[in-house]
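Single-structure report; data block below.
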Amino acid sequence: MTSPLPQASTDIRRSAWRRSLEVIVLPVAALLVALLIFGGFCALAGANPIGVYGSIYKAAFGSWSAWQNTLIRASPLMLTALCTLLPARLGLVIIGNEGALVMGGLGAIFVGLGLGGASSSLDLPAVVVQLAMAIAGMTAGGLWIVLAGALRHYRGVNETISSLLLNYIAIAFLKHLVEGPLRDADFVTKPSSAELDPTLWLGTLPGTRIHFGLLYGLIICVIAYVLIQRTTFGFATRVTGSNIRAAKIAGLPVGKLTLAICFLGGSAAGLAGMIEVAAVQKRLNESLISNYGYAGILVAFVSRQNPLATILVAILLGGILASGGILQRSHNLPDATVLVFQGIVFLCVLFSDSLYGKIPQLQETTK
Amino acid sequence: MSRPIRISRRQAVRGLLATTAFGVATKLGGCSPSPEGEASSAGGGEGEVVVGFIYVGPKDDFGYNQAHAEGAQAMAAVPGIKIIEEANVPETSAVLETMRSMIEIDGATVIFPTSFGYFDPYMLEMAAEFPEVQFFHAGGLYQEGVHPDNVGSYFGYIDEAQYVGGVIAGRMSETGQLGFVAAIPIPQVLRNINSFTLGAQSVNPAATTQVVFTGGWAEPVKEAEATNSMADQGIDVIACHVDSPKVVMETAEKRGLYTVGYHANQAPLAPEGYLTGAEWDWESIYTSLGQQFVEGKTLMAGGIEHVLRGGLAENFCKVSPYGPAVTEEAQAEGDAAKEALITGVLVIYEGELSDNKGGAILAADEKYEQQNIELEKMDWLIEGVKGSTGS
């Protein structure tokens, strides 16, 4: 190697390789540490840690059936996480995921009950109505978060607080509708809207019991990644997120970017609401409020605002949730154990965040 | 500065391949023995019936879930029964997965998803998918011909116990003003409020019940507010129908009020003021069902009734032991009412009755027996109840 150029390029490649090694090693180490701490907790609670690890593995990833359980739980989280993740790239901390999901479910059920079913005279094909439901859900969820974004941009209202409060408004609105105007009096199990026509239900992926929501979640996460990392829009968003003044000086349309990114984030959560209504509940009721939104915030932070990492983190959380039952049934651990496990895992992962660039073995050495 | 060990990409790839290969090999090797291991752990012992219980909240909520969990423990005592339990399971696809893994991993052949909201669509979906597994639901409306054969429903006329609680409350109240903290205005809740009030009026015709609807099954903050504002109004006995009466009981005890409990025995929460309470008695029904499971009876073969209903007489519910504050006179009146309900002499909804808006409900010679379907559609509050169903 006489020319300096190839040498330099190998060094760059090597350092990139080390950086990606760091991205893999740190979370895995964090996970192992979390497992150790959790093992100690289980031992204190009177269970055999090794047996507990075995059960967690078996219930979450041990068989195809267990994998399906995990993936079913993971799919809504991929979408709700994007509601925090996308605005975070622009420097906003939005936690209105639950509200956007609820509004998405509402939008979808309005369209689904209005256009579909036997009462409708339009006689549209089911696919068209489903698509309309998805668009309605995404629009409703998107506009809901745009409210928080607009308050931030035009009036300087803290977007974290306003989006949090919007959650309560959305939930109260949902309760009002299902207990009042939308209530189906013949359904006694709980106050609910009328049932969607069976032709509008989202089916399951062939050969599985996983509904199509998983597929949508995966696709949308990949789209979000491309959008953020590979487009001008994404670049502008990231620039604004890094330094809003510089972005303004550079002439970036910060206001439009804020509203657009809020809309996109909200529409992802809105789609999750539509899927939950069309694939699981089949009608609108309080069961739509089951913490997918809040869990999504956690997923977004743990995945370090990377939409591809979101997929993995959502699957990890899905697996943890899937193993919650077996901890109770086979080890007589209290039902909150799974939350303890979840908390320990995420604390460890978040702590490992502070170690990036601090472990010499994982740093680029040629300078 | 020591130079850290360098790993070339080639080395790393080789290492990764080797580990993967090792992993795959052990995975394949481990494949054959695992099904046997699962089979032996599933199904418990030979001939043991595995019964799965699912609760929507914690098992020690001093309320709805605790009542079922205590019943499940009683069933566990039946020889030949093994129970498995899962608490805090939300009414989403999570409960589908719980039922499925109870059946597939633990080998459960009977499932009790106890929360009202589990019934439709979740339990019905699973019942269709696993026709050989029996599903029992508390309060679900079983429709013959519509629902699968392996679905059963059981529920109790707990308003009979509320009536007895009302008798004690009416006698013990000095002001004649009673309070009722309620979740949402659905027939079951309204029926409890009305029966409680009728019980109180049977000993004190001037007694009134102030109702506050909190709007949800678990609204601890609103429940505490309602209890406090009732205390401020001069109400001196408080009853409730919410998922966990814990907050109402503790708040009322702090304010020095008498309380009438619900779902389970809350005497430990209010040792001074707890008068009595309307409790589910799932222990007797669960024990008897457990025995029938062991005998091999099933819903599908017709050995077990699809709809099981009953009140105090059938041991579906019971009245909490009287608290220390209850006078002998009140105890005697309470016992008499209980006896009259058990023997069927007393019918709670007997004319002449009118609602609290002045509309007639029952004429002088009419009555609604407990089984009357009109009572399961109730949308009115009787005269003497202050509050409205429209909130």
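Numbers for the structure displayed
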{"quantity": "Wholly enclosed strands (runs of 3 or more DSSP E) of region B:190-274 bearing at least 2 residues over 19 Å from the mean Cα position of the chain (by Cα) and not aliphatic (A, V, I, L, M)", "calculated": "B:208-213, B:258-263"}
{"quantity": "Condition check for residue B:373: among the aliphatic types (A, V, I, L, M), more than 30 Å from residue B:268 (Cα to Cα), loosely packed, with under 14 Cβ neighbours inside 10 Å and modelled with pLDDT under 95", "calculated": "yes"}
{"quantity": "Test: residue in region A:351-361 that is assigned to a helix (DSSP H, G or I) and among the acidic types (Asp, Glu)", "calculated": "yes"}
{"quantity": "Which numbered condition residue A:290 fails, given (1) within 14 Å of another protein chain (Cβ to nearest Cβ); (2) in contact with a Lys or Arg (Cβ under 8 Å, 6 or more places away or on another chain); (3) assigned to a loop (DSSP other than H, G, I, E, B)", "calculated": "(2)"}
{"quantity": "Residues being assigned to a helix (DSSP H, G or I), farther than 27 Å from residue B:377 by Cα and out of contact with any Asp or Glu (no Cβ under 8 Å at 6 or more places or on another chain) - total across region A:166-201", "calculated": "6"}
{"quantity": "Candidate set from region A:61-80 (those that are assigned to a helix (DSSP H, G or I), in contact (Cβ under 8 Å) with a residue 40 or more places away in the chain and away from chain B (no Cβ under 11 Å)); member that is farthest from the chain's Cα centre (by Cα)", "calculated": "A:74"}
{"quantity": "Test: residue in region A:262-279 that is surrounded by fewer than 24 Cβ atoms within 10 Å (Cβ to Cβ) and touching a strand residue (DSSP E or B) at 6+ places or on another chain (Cβ under 8 Å)", "calculated": "yes"}
{"quantity": "Region B:231-254 residues that are free of Cβ contacts under 8 Å to residues at least 40 places away in the same chain and farther than 14 Å from residue B:279 by Cβ, paired with ones that are among the acidic types (Asp, Glu) and buried (at least 24 other Cβ atoms within 10 Å of the Cβ) (beta carbon under 6 Å, 6 or more apart)", "calculated": "B:247/B:223"}
{"quantity": "Filtered residues of region B:47-93 (kept if buried (at least 24 other Cβ atoms within 10 Å of the Cβ), within 11 Å of chain A (Cβ to nearest Cβ) and small (Gly, Ala, Ser))", "calculated": "B:52, B:93"}
{"quantity": "Some residue of region B:307-317 being in a loop (DSSP other than H, G, I, E, B), at pLDDT below 90 and farther than 15 Å from residue B:196 by Cβ", "calculated": "no"}
{"quantity": "Tabulated pairs, region A:343-360, first within 14 Å of chain B (Cβ to nearest Cβ), second among the aliphatic types (A, V, I, L, M) and surrounded by 14 or more Cβ atoms within 10 Å (Cβ to Cβ), C-beta under 6 angstrom, 6+ apart or interchain", "calculated": "none"}
{"quantity": "Test: residue in region A:167-180 that is of a type in the set (Gly, Ala, Ser), more than 10 Å from chain B (Cβ to nearest Cβ), buried (at least 16 other Cβ atoms within 10 Å of the Cβ) and touching a strand residue (DSSP E or B) at 6+ places or on another chain (Cβ under 9 Å)", "calculated": "no"}
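The values are calculated or read from the model by the stated rules, or taken from the named source; none is laboratory data. Quick caveat, the model's predicted, so the values are computed rather than measured. Cβ sites come from the backbone with ideal geometry, for glycine too, and all protein chains shown count toward neighbours.
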